[in-house]
Amino acid sequence: MNSTFVSSRVPLSLPALAILTMFLSGCSTTAKSGPAHSQEPADAAIERYIRAHPEVIEQSLQGLLAKREAELRDHHKAALATKQQELLHDPASPISGNLKGDITLVEFYDYRCGFCKKAASAVTELQKEDRRVRVVYKDLPILGEPSELAAKAALASQAQGKHQVFHEALLASHAEMTKESIMKIAVKVGLDTKRLEADMANPMWQTAIDKNRALARDLGISGTPGFIVGNELVPGWLDLKGLKELIARAGHGK
């Protein structure tokens, strides 16, 4: 509902109502020291006004919600500015594209997330079309243990220099992320599965995932995918056009 339209129908603005309420509340508080019946007119006036104009309650709640959302956005924007090192230069986070590119796209994703799978081809195509782009991958397994297992496998594949091809194959797969299916995909992309399984046991991958989760919380990311360029975060799926527009808004128009 449009707040301006609501205001035009309400005899008193919210600030005026707040002042009226405080004034009447003050009168009511003062009246407590006197006879009990002296408190009734003030309480009755407040009740009558609210009954006559119930929309002011809705308007007040909408205003409070908008204020809280704005405060949260400001907090997340400030966090983006202060978390650039973790976003862009965490040695545990895989990187693809132009490793020295001047445009960095950060993606938070889950290998079982349908929208992450849908966005995968756009991220791949972006790197082919725009050679300035560097992509940082942030594993954020939010869909249970199979997601976490896939994330550890992908992170561990870095030791064999196969992360990018394995990452894309995992996102392209519609199989459940069981250990068996993950290893089948690993074989297809040329990974040594015995070595991969051993590397997955390294506790550093759990530490990396936990760091990504903490970073996501700080940034207000509660789902996947999530894309970041500069100080702008876009939650949800983006196609190739959307990714290019995100880059352009960050001042990297081509």
* Asked: Got a number for carbon plus sulfur as a percent of segment 39-113's accessible area, 1.4 Å probe?
  -> 57
* Structure fact -> Checked segment 194-254 against the a/c 1.5 cut and the a/b vs b/c comparison, axes a ≥ b ≥ c from its Cα gyration tensor; verdict prolate
* Ranked packing of 169-175, 146-152, most packed first, by mean Cβ within 10 Å -> 146-152, 169-175
* **Computed E for Ile50/Glu71 - FRET, C-beta separation, R0 22 angstrom, nearest 0.05** => 0.25
* Asked: Hey, which of these cross-link pairs are over 32 Å Cα-Cα: Lys83/Lys244; Lys77/Lys100; Lys184/Lys211; Lys117/Lys194; Lys194/Lys244; Lys179/Lys211?
  -> Lys194/Lys244
* Roll a 1.4 Å probe over the protein chains and send me the accessible area per residue for segment 83-252 in Å². => 46
* Paramagnetic label zone (point 7 Å from Cα along Cα-to-C-beta, Arg195; backbone N under 16 Å) in segment 133-160 -> 153-160
* To do: Would you please name the trypsin sites (Lys or Arg not before Pro) within segment 78-116 that are DSSP coil residues with at most 11 other C-beta atoms within 10 Å of their C-beta?
  => Lys100
* Can you bin segment 83-252 into rounded, prolate or oblate? Criterion: square roots of the alpha carbon gyration tensor eigenvalues sorted a ≥ b ≥ c, rounded for a/c under 1.5, prolate for a/b above b/c, oblate for the rest. => prolate
* To do: Would you pull out the residues with amide H under 5 Å of Arg134's amide H, same chain only if 5 or more places away, H placed 1.01 Å from N?
  => Asn98, Ile103, Thr104, Leu105
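The values are calculated or read from the model by the stated rules, or taken from the named source; none is laboratory data. Since the structure is predicted, the reported quantities are computational estimates derived from the model, not experimental observations. Ideal geometry is used to build each Cβ from the backbone, glycine not excepted, and the neighbour counts take in all protein chains shown. Calculation scope for accessible area: heavy atoms of the full protein, side chains included, ligands and nucleic acids excluded. Shrake-Rupley method; radii C 1.70, N 1.55, O 1.52, S 1.80 Å.
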